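The values are calculated or read from the model by the stated rules, or taken from the named source; none is laboratory data. All figures in this text were calculated on a predicted structure; none of them were measured in a lab. With ideal geometry, Cβ positions are generated from the backbone for all residues, glycine too; neighbour counts draw on all protein chains shown. Heads up: the accessible areas ignore ligands, DNA and RNA and are worked out on the full protein's heavy atoms, side chains in. Shrake-Rupley method; radii C 1.70, N 1.55, O 1.52, S 1.80 Å.
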Amino acid sequence: STVSKDSLMRSLWQLECHFTWTLRKQDVDLDDLEETVGQQTEFLIKSNITNYNLLSYVCYLNNSNEKALRNLQKAEEVVKKNHPDEIARRSLVTWGNYAWIYYHMERFEEAQTYVSKVENSCKKLSSTAEWKSQLPEIYAEQGWALLKFGKKYYERAKSCFENALQNEPNNPEFNAGYAITMYRLEDYFHRQYEDRSLSLKPLKRAVELNPEDTFIMALLAVKLQDLKRVDEGERYIEDAMQKDPYLPYVLRYAAKFYRRKGEVDKALEILKKALAVTPTSVFLHHQLGLCYRSKLIQLKGATQYSQEQVDNLIQLSIFHFKTVTDQKTKFFSAHVDLAGMYAEGKRYKEAEEAFQKAFQINILSNEDKQEFYLHYGNYQRYSMKSESEAIRCYIEGLKIGKESFYFHRCRSALKRLLEQRIQKGLGDATDFGTLGFVHDLNGEKLEAIECYEQALALCPDNEEYLSALCELRLSI
């Protein structure tokens, strides 16, 4: 009857599970997510209930309900094995996912059975009506899921782990989740424009609570390296590699650590070892590409080198970046890295294609777009020798007006280019006008006024320059 279907729908929305946490499939690369989470069930054993539940949701989004159900069965097996005394408490999310998947398969009675299972368990677990909001495991599980769905979700993940920690401040897994989230937030959103040490305390705390968690140890090492505490970081990396010599997650961060330290050959050695364990890992191929690019930069800084050496490194780098972009079509920075490498090898048609592919990815953040305009602008300027195109790109980057690392990079690249043109006597009214705009962005009003005056001297009737000039004079 339709009534029961409506009431079933109302009950389904009351459940705490992946289907009610607004995880949108357009924000991720689903095939890639399925592979990553699959690898984690193989190598990171501890949070497997979480991973199987997430995997079931990803399979549902990929239209394979049967596979989704199989993953939920695996989650149940893990619960029985690891938490035989807390089966209900640990299964609420799993049962919620079951209910939703059966609903979508139009198996309404089975869906209702799972809804009732959750409701009855909750009554037993808690005397209050607000049972759901009190279970820290559910907050944590939501946090892990949000973390996997990408940077748009990091702030929400952070509040989930904070909520979980309110109840159990010393829980090692909740602390690990919180530390990873803080690390990611810093990595993506603050680059060098804010205090970059916010994640240091949570990472240290997570390592203290669980000295066996080598993945967190590796993140802590890379964070210490960011903060110029390299020796301290290296101790953690060495320790993690000793405890888990074959864990791909440890090896990939170890490789990143040594590459950034300038020990590129050591990084390459570590990456090849990791690649033997997970040959399809896009992260590893990306890091390999970056290593060969670092070697290229080192080589070009040397006094003597042959063109053959250069070509060889360019080819190796292109091979690994291309492996990444073929496999993970939405990996933005890999597309940009590939484009840059094609440009190094003077393969301009392919460079242009790679840039266009990068820009067409449908999950780009504003900062990604700014990063694109910076690199594409540099490519236009140095490889294509088109200063006008470069200027247009940098301005596009600034129009996305979000203060970020790449906003600042676009601004300084634009300013340098315009000043050079003007010094060489090539500056036209547009160049002066644009430089006025840059000075104004920097809050340098007097310099801005001077530039707009020069622009007007060259192009007296331009209304845009006139109105900018009037506004600036009034604001002083």
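Being open to solvent by 60 Å² or more (accessible area, probe 1.4 Å) and at pLDDT 95 or above is the requirement here; does Lys295 meet it? So Lys295 fails the test. Within region 402-435, the residues that satisfy the criterion of being small (Gly, Ala, Ser) and at negative phi are Ser404, Ser412, Ala413, Gly427, Ala429, Gly433.
Summed over region 412-427, residues that are among the charged types (D, E, K, R) and open to solvent by 70 Å² or more (accessible area, probe 1.4 Å) total 2.
The single residue among Lys385, Lys415 that is at pLDDT 95 or above and not in a helix (DSSP H, G or I) turns out to be Lys385. Provide a single number: the residues in region 10-19 that are touching a residue at least 24 places away in the same chain (Cβ under 8 Å) and either within 12 Å of Tyr103 (Cβ to Cβ) or of a type in the set (A, V, I, L, M) (or both). Going through region 10-19 one residue at a time, the tally reaches 5. Scanning region 397-411 for residues that are assigned to a helix (DSSP H, G or I) and either open to solvent by 50 Å² or more (accessible area, probe 1.4 Å) or within 16 Å of Ala351 (Cα to Cα) (or both) yields Lys399, Arg409. Only residues that are surrounded by 13 or more Cβ atoms within 10 Å (Cβ to Cβ) and more than 21 Å from Arg392 (Cβ to Cβ) were counted across region 430-470, and they come to 9. The residues of region 250-292 that are aromatic (Phe, Trp, Tyr) and open to solvent by 10 Å² or more (accessible area, probe 1.4 Å), listed by number, are Tyr253, Phe283, Tyr292. The residue of region 121-173 that is modelled with the lowest pLDDT, among those that are of a type outside the set (S, T, N, Q) and not in a helix (DSSP H, G or I), is Ala129.
Against the conditions (1) over 18 Å from the mean Cα position of the chain (by Cα); (2) at negative phi; (3) of a type outside the set (Phe, Trp, Tyr), Lys228 satisfies every one except (2). For region 339-371, residues that are within 26 Å of Phe149 (Cβ to Cβ), touching a residue at least 40 places away in the same chain (Cβ under 8 Å) and part of a helix (DSSP H, G or I) total 2. Looking only at region 387-396, residues that are of a type outside the set (D, E, K, R) and open to solvent by 30 Å² or more (accessible area, probe 1.4 Å) come to 2 in all. Which one of Asp326, Asp311 is out of contact with any Asp or Glu (no Cβ under 6 Å at 6 or more places or on another chain), outside any loop (DSSP other than H, G, I, E, B) and either at pLDDT below 95 or within 19 Å of Val282 (Cβ to Cβ) (or both)? On inspection, the qualifying residue turns out to be Asp326. Each residue in region 33-59 was checked for being of a type outside the set (S, T, N, Q) and either open to solvent by less than 20 Å² (accessible area, probe 1.4 Å) or modelled with pLDDT of 95 or more (or both), and 7 pass. Please go through region 221-248 and give me each residue that is open to solvent by 20 Å² or more (accessible area, probe 1.4 Å), in a helix (DSSP H, G or I) and of a type in the set (D, E, K, R), ordered by number. Asp226, Asp231, Glu232, Glu234, Arg235, Glu238, Asp239, Lys243, listed by residue number.
Restricting attention to region 1-32, which residues are within 16 Å of Leu146 (Cα to Cα), open to solvent by less than 40 Å² (accessible area, probe 1.4 Å) and assigned to a loop (DSSP other than H, G, I, E, B)? Matches in region 1-32: Cys17, Trp21, Leu23, Val28, Asp29. Among the residues of region 309-365, which ones are of a type in the set (Val, Ile, Thr) and open to solvent by 70 Å² or more (accessible area, probe 1.4 Å)? The one that is of a type in the set (Val, Ile, Thr) and open to solvent by 70 Å² or more (accessible area, probe 1.4 Å): Thr329. Candidates Leu125, Leu147: the one that is open to solvent by 50 Å² or more (accessible area, probe 1.4 Å), out of contact with any Asp or Glu (no Cβ under 9 Å at 6 or more places or on another chain) and aliphatic (A, V, I, L, M) is Leu125.
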